[in-house]
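**Student:** Structure in structure tokens, see below.
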Amino acid sequence: MKWIKSGVVLTGIFIICHVVTSVAQFNIDYVKNNLKIRFTTLSNFVTRGQSQHELELTNVGNQDIPVFGWACYFCHDQLLFPEAYNGPASRYQLGSVSKDGLNFEFLKGCMYRISPSLRFHILRKTSRKILLPSEQFSVSKYDSFPNFYCTAYDLLGKEGTKQVVIDNTRTLDYVKDFNSSYNWFRFPHDFRSVPLQPQDRFFNKANHKAYSNEECLYKVIPTPDKISINESATLNLKGAKLTVYISAPPSVPPAKLNGIAKSISTDITVQRIQPGQRVASGVHLIVTGQPPSNSDIPSPDEAYSIDVKGNLISVEASAPAGLMYGVQTLKSFMAWESRVPLGGVKDFPRFPFRGIFLDIASNFPGYDYLKKFLKVMAQYKLNKLVLPIYNNQGFRLQLNDAPTYQYKNLHEVGSRRCHDLDETKCMFSSIGSDPNSNILNGYLTKAQMIELLEDADLLNIEIIPSLNIGESARAAIVPLKRGSQMSGTQSVSPLYDPDDIDFVDPFYPQKDSAMNPCRKETKDFYIHVLRQLKDIYGTAALPLKTIMIGSKVNFNQVLNSKYCYPPNLNIAQRLSAREQLRALINQFKLNFTTDLVNTAKANGISNVMAIDDFLTAERDIGGNTPFTVYDTLDPNTRVPRFPGVTLSAVHSTYSIAGDLPLWKRGDSFAELGYKVILSPPILDFNYAIEPDPDLPGDYDAVFRNISLSKLFRFTPDSRCCNIPNTLQHDCVRQDDCPTLGPAQNFIGTLGKVDSRKLRTLKEWNNIIFPRLVIFAERSWHKSGWESSYKPHVVTVNNVTRTETMQYSEPQWAQINAEERDIMGCISRKEKLSIIQTTGMHVNPISSYVEPPGARVIPGHPNNKVEVSNPEDGFKVQYKIGAAGSGWQDVVGDIAVPKGISDVWLRTITQIPFFWTEPTPRARLRVISSNAMRRQIGAQIIRAESSMNPGNIYNVSTYLPPVPLQSFDPADDRRPDLAAIAAAHPPTVIRRVPAPVVRPPFLPFRGMGLQPGVPGVPRLPGQTSAVGQQTGQQALPGQQTGQNAATGLTGQQVGQQPAAAAGQATQQGLPGRAGVVPGAMPGTMPGAMPGMVPGGWPSWQGFNPMMARGASQGAGLAGQAAARPVTAG
């Protein structure tokens, strides 16, 4: 045995020496230059509640990467290894997860640390692949983040001072293309997630087309209420030296009037005249100081009129705000030819509140960008800009510029993200920031904020600061953790106590991302911020009139914090006190809400906005639910709870909590005296604009994207519509939609931008524009067709007790005609106008540009390609082959030489400011019809074949594509399945160990068995039709039969687990809704909102506008013959 022991000792010495040698010789710069990362999403149809990814690490250099002495950090949006995660403790159950010799440790936010074990090494010129399960589905490259970075460690575990970014991860090019329905689809039949192919765009070429430039010459967006002009008779101002005359009451500030006048042109003379004095020529700007004669106007100060006669242009308004909007309309007339048509305009807004919530806290776009953004808002008559000062990711405002300011760490530490685990110099790196604080960091100085306020006031825009007093406040809490140790000469109380440990529930994490409402320091901080903001606004000679409360309290924190109870309680007393607090949790919440509102009033603030969850109840034993809205009057005394304050609810939650339809809360708010600002999910600009994995933007179980057409159909006054994932046209049943609140309490709309996934200004622009222009159209002008969006009427047969649904049909002809005009003129005029407004040659704001459409001409012997241009006023260029000779303008059909299968296309402006990048979806593949049919058959046979989940991925939940009819032409389309199948043959499924199958998730309500499906519970009231979506997740391979309503085979049954409850955005506004991959999304078990429980609506009578192109009514083979082109 001695020789065995000696051998073990020698082996141990050898390993230690090898490790020491490796560490001593290893240079972390080698990783930067020679380690390549490849991240691939393999499938969203693996295990219930998970998607499957592959992380590939390749050593391309001539040196081995050692088994010790280094670690790398990265961010991923979905939780990795969810089964090993201890949610209450915010960490993995064993601290880390070891996978194929690589250790994964969850740190905070989205950040992970990976480090090698002694059996993990990457030899020179070799690769290592690791399978990574994650929660939910993943259908976008933007679920991953750039800038993997690494650092060295010594033998004692001390981290080196140098961090290096792996070169190939500086962009998202390290993420492999999403190229099949396995990673396109969120659930079976998810055609909304199929990326648009060139042939899709070709057959949509009739959409969004204005006939000519002349049609858009004097088109004004947003559309005026009344306009009567003679386009053939115009006043030519080109080259003219304009004199602008101003008449206004003495109380109107001259500086504001001069600023409005000079915005017309840089070459003008401004002259002030007396009210009532006549003018013969030039431009006459008139402020009457008297309200308009029409008393029904929602916002009289913003109304205006324009009258053009002879050589005189008169713009009249009751206040400077209306005058400024009149000038914006005048500038729209002059945009192309400096001509103004004779005639008149009378205009006013439909809502007094038309706002944008712009998340500058997660990623900071910079002061210059905000100045340009204000100009574009004014151009389209938007008047409220909500800026979150801080959230979990960043603190973006210098509240005080004094050198001795005690809270200066808020902006000095909170505005930077870098590699600092202790977070003494900066916030720890996250959401793609590099370790050296070089990306989208920064803050507004006090002086810059004052300048923005002054610019905004001239443009009739109110800047509203948003404060998170509760959750999503980490960037305010972390910089003040150490209190006086980090704040210079003056004392600061920290907002976070690491010793706030609850002995009743020791696993509850004492998170540093939520302010504790039971601590005095929270209110002190709130008052301090209000006073500093009031000082900043006062320096700009403006009142701080409005604030927004952007998050709610974390009540798990309240129940578990020692600060919420009297001191010195024993265990029994503490448990009793905890149950009492739980029973009175809504009284606690209401008291805290009232205190925040009244504190704002005490500081001179007369308007308080808040997210809807801030003003509604928590579930308690008294029967209160999230549907319960706090009354603005005390129920006993009927005395106002919030005297002297106008309280506005930002109605943004349109989901279902249990069986409670939260979209109804808007009426409850209005009925109880709140002002209501509509902000449904359709106004979330952070959703992708197209279902393309390569485009920036988010998605969830309901919305894969928000298209321009979808946004155009937003109907603010239709309270029974705009409700996602309900019945046809996003409208609900009439008997499910009370309208009790007075219409005048619905005061406006709020579009929202979450910047967590926006790392470049180009991504900001593509996600916001031109959707902001369409949003402005809907917020300012009410179209006649909007009233045709109505709830669906249900009639009941009194004999048979059966229900019949009568679906309302919107006025499609009027909708499509107006959309054509608006969208066409946005392309021809507004996109270039935004560039001119924001600086033609200095980083202008550009807009998203749609790629071209194309198809191979059927039956043509020489492989000619026909191209369509989706953007009016742009041109299309092409390049043949991957290594073509450069871009050429498209003139007629494109002749493709024999042997060439790839044709690249892009849309570009006439002036080279922006264009579409040639993504994989911009490539055509010239494939014969017969080859398409063969590959279609192969895909369908493979998808339908039974697969043994014991030795391959469990893809049995994946179903072959079957066309679904459309709810709304803006929602769905019938994709070219033939072309998709031809371009994307079945994915080769890699053999891996069988996934662990957990017991079925049992809903919290008692249920009977569903007939026809042994062992699957049936929801109360559910019909016995086999194939119905229920609240129970099927085991792998278990599928039901035929759906009685749609005829779709194999509809999966699926339960959304409680763990997939959704991911909130950093502002407290609704974020991603949770759903099980491979299951249809449902907001309540077994039914969609507004749907009869247990029943799907009949497809008969649904809008037929979906059928398009040569494939109308055709089967799969017919589609193949009609469209022999696809994208790669």
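**Student:** Could you order the peptides 339-351, 390-402 from most to least packed, using the average number of other C-beta atoms within 10 Å per residue?
**Tutor:** Taking the mean over residues of other Cβ atoms within 10 Å, the ranking is 390-402, 339-351.
**Student:** While we're here: By the scheme Lys and Arg +1, Asp and Glu -1, what is the net charge of all other residues having a beta-carbon under 9 Å from that of H121? Let's see the in-between values first.
**Tutor:** Numbers: positive: R119, R128; negative: D64.
Here the count lands on +1.
**Student:** Can you tell me the order of 552-562, 793-803, 250-260, 590-600 when each peptide is scored by its average per-residue count of other Cβ atoms within 10 angstrom, highest first? Before the final figure, lay out the partial values.
**Tutor:** Values: 552-562: 20.5, 793-803: 9.5, 250-260: 15.0, 590-600: 18.3.
Packing order, densest peptide first, comes out as 552-562, 590-600, 250-260, 793-803.
**Student:** Another one. Could you list, in their original order, any pairs among K675/K829; K108/K757; K384/K520 whose Cα atoms are separated by more than 24 Å? The partial results should precede the final answer.
**Tutor:** Numbers: K675/K829 36 Å; K108/K757 17 Å; K384/K520 32 Å.
Pairs exceeding the cut-off: K675/K829; K384/K520.
**Student:** Per 0.36 nm of contour for each residue apart, how much would the distance between V793 and A255 grow if the chain were fully extended, relative to their Cα-Cα spacing?
**Tutor:** In short, 188.1 nm is gained.
**Student:** May I ask you to evaluate 6.51 cos²θ - 1.76 cosθ + 1.60, the Karplus curve with θ = phi - 60°, for each residue of segment 356-363 and list the ³J(HN,Hα) values in order in whole Hz, giving x for glycine and proline?
**Tutor:** With coefficients 6.51, -1.76 and 1.60, one gets 10, 8, 10, 6, 8, 7, 5, 10 Hz.
**Student:** Let me ask you something else. Return the sequence-ordered ³J(HN,Hα) values of segment 442-449 in whole Hz as given by the Karplus equation 6.51 cos²θ - 1.76 cosθ + 1.60 applied to θ = phi - 60°, using x for Gly and Pro.
**Tutor:** My calculation for segment 442-449 gives x, 7, 7, 5, 4, 5, 5, 4 Hz in order.
**Student:** If you put +1 on each Lys and Arg Cβ and -1 on each Asp and Glu Cβ, how big is the dipole of segment 664-808 around its Cα centre, in Debye rounded to 20?
**Tutor:** Details: 18 positive and 17 negative charges, 40 e Å.
Here the size comes out at about 200 debye.
**Student:** For segment 645-790, with the dipole built from +1 on Lys and Arg beta-carbon atoms and -1 on Asp and Glu ones, taken about the Cα centre, which of V702, P770, P680 lies farthest toward the positive end?
**Tutor:** Most positive-ward Cα: P770.
**Student:** What FRET efficiency, computed as 1/(1 + (r/R0)^6) with R0 = 41 Å and r the Cβ-Cβ distance, is obtained for W887 and N294, rounded to the nearest 0.05?
**Tutor:** Details: r = 54 Å, r/R0 = 1.31.
The formula returns an efficiency of 0.15 here.
**Student:** Within a Cβ distance under 9 Å of N460, other residues only, what is the Lys/Arg minus Asp/Glu net charge? List each step's numbers first, then the result.
**Tutor:** Numbers: positive: K381; negative: D301, E302, D457, E462.
Residues near N460 contribute -3 overall.
**Student:** Amide H of D225: which non-local residues (sequence gap of 5 or more, or other chain) have their own amide H closer than 5 Å, using H built in the peptide plane?
**Tutor:** F348
**Student:** Another question about this same structure. Give me the percent of DSSP beta bridges within segment 593-697 that run antiparallel, rounded to the nearest 5. Don't skip to the answer; put the middle values down first.
**Tutor:** On the way: 4 of 13 bridges.
Antiparallel bridges: around 30 percent, rounded to the nearest 5.
Here, each number is a calculation from the coordinates, and none is a lab measurement. In this text, all values refer to a predicted model and were calculated from it rather than measured experimentally. Glycine gets a Cβ as well: all are built from the backbone with ideal geometry, and neighbour counts include every protein chain shown.
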